[in-house]
Structures are given as structure tokens and as C-alpha cells.
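The values are calculated or read from the model by the stated rules, or taken from the named source; none is laboratory data. Here the structure is a predicted model, which means the values were calculated and not measured. Cβ: placed from backbone, ideal geometry, glycine included. Neighbour counts: every protein chain shown. The accessibility values were calculated without ligands, DNA or RNA, using every heavy atom of the protein model including side chains. Shrake-Rupley method; radii C 1.70, N 1.55, O 1.52, S 1.80 Å.
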Amino acid sequence: MTTPIAAEPIPLSQFFQECRDDLVRFFVRKLQCPDTAHDLAQETFIRLHFCEQRAPSQDRRALAFFIAGNLVVDHIRKENVRARYAPNDDSDTETIDAFPCPGPDSVRHLIAAQELAAVQSALAELPDGHRTAFYLSAIDGLTYAEIGERLGVSDRIIAKRIAQTLKHCRARRDAS
């Protein structure tokens, strides 16, 4: 008896061509903005690409729409924050203009330095195995299987360690 040979997955670029219109329609239905829909469809495939570099998906379409749903939620949250803090009338704009703002590069640099310090602090609290797995994945771009082979554990343990690391970092971020 012969075992069936698994079909080779189609290239991501071909999948993008086949699925893009469905994703754009999904985003337009949720957000009523074609421009945003096209931008978020592109972002979906970028994130799908990174997900598949780490662990190939059994169902690309389901994963793409899962990512798309998360992007809709993120977009709506960002829009709500923008609406909450946007100037309401001309007097608000005049008040904002009255205060000089330091150059964006210095502000970005300060924020990035603070965020980096917070992440480093959160990572320092974790066991070496968790940090190493996270660094090998995030910085070196290794797959879970490659990391597991290098550390002598299964890729499932690596996935668990990285998930715990991300959860810990998010909790630390949310606590501050």
C-alpha cells in the first residue's frame, strides 16, 4: 500500500493573487474604506509571510482571515484613540500650536530607548531558555524546528517558550 504524497503548497505570491480580492472585500465590509482595505490586505500578507517563515500553516486562507480580523480590531482601536485625542475645534488647534514640539527624531529616539529598556528588563526576568529561543526566532529568524534542534528540545516546547515570553513582555508593557 502506498502513502499519498502531500501536495506542495502554492507559493505565497500566487496565494496572494488568488485571495487578495476576498480580503479586500472583507476589509471594505468591516471598515467601509477601500484605501484602508487595500493597505490592510497588504499588511495581512506581510504578517502571513512572517508566520509561515516560523511555522508553515496547514490552512493559509484561515490564517490569513484570522490575521485580517486582528488587523480590523487593531485599526478600529487606533481610530478610536485618534478620535479621542484629535482637536475638536479651532481653539484646540491654536492651543496645540502654541507649544513648540521637539524634533520628531529626538522624540522617536527617546520613545524607542524607553521601549527597548522596558523590553530588556522584561526579558531579563525570564529563564535563559526562553530568552535564547526568543532571540533566535526574533533576531536570527530561525524556525521553531531549527531552534529546537539547536537547543535540544522539540519545536513544540520552543513555540510554548516563545508564547510565554511574548505574554510576559505584553503583561509588563500593560502594567506600566
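Under the Karplus relation 6.51 cos²θ - 1.76 cosθ + 1.60, θ = phi - 60°, what is the ordered set of whole-Hz ³J(HN,Hα) values for region 35-49, x standing for Gly and Pro?
Whole-Hz 3J(HN,Hα) from phi for region 35-49: 5, 5, 4, 5, 4, 6, 5, 4, 4, 4, 6, 5, 5, 4, 4.
Got a sec to turn the phi values of region 160-172 into Karplus ³J(HN,Hα) couplings, 6.51 cos²θ - 1.76 cosθ + 1.60 with θ = phi - 60°, whole Hz, x for Gly and Pro?
5, 5, 5, 4, 5, 5, 5, 4, 5, 5, 5, 4, 5
Summarise the accessible area of region 27-83 (1.4 Å probe, protein heavy atoms) by the percent that is carbon and sulfur.
Heavy-atom surface of region 27-83 belonging to carbon and sulfur, 1.4 Å probe: 55 percent.
HN-Hα J couplings of region 16-26 from phi, Karplus 6.51/-1.76/1.60, θ = phi - 60°, integer Hz, Gly and Pro as x?
4, 4, 6, 10, 4, 4, 5, 5, 4, 4, 4
For region 100-167, with every protein chain kept in place, what is the accessible area per residue (1.4 Å probe, Å²)?
68 Å²
Would you tally the net charge around Arg54, using a Cβ to Cβ cut-off of less than 15 Å, leaving Arg54 out, and scoring K and R as +1, D and E as -1?
+1
At a 1.4 Å probe radius, carbon and sulfur cover how many percent of the accessible area of region 124-176?
C and S fraction of accessible area: 52 percent.
Please label the shape of region 120-167 as rounded, prolate or oblate, based on the square roots a ≥ b ≥ c of the eigenvalues of the alpha-carbon gyration tensor (a/c under 1.5 means rounded; beyond that, a/b larger than b/c means prolate, else oblate).
Verdict is prolate for region 120-167.
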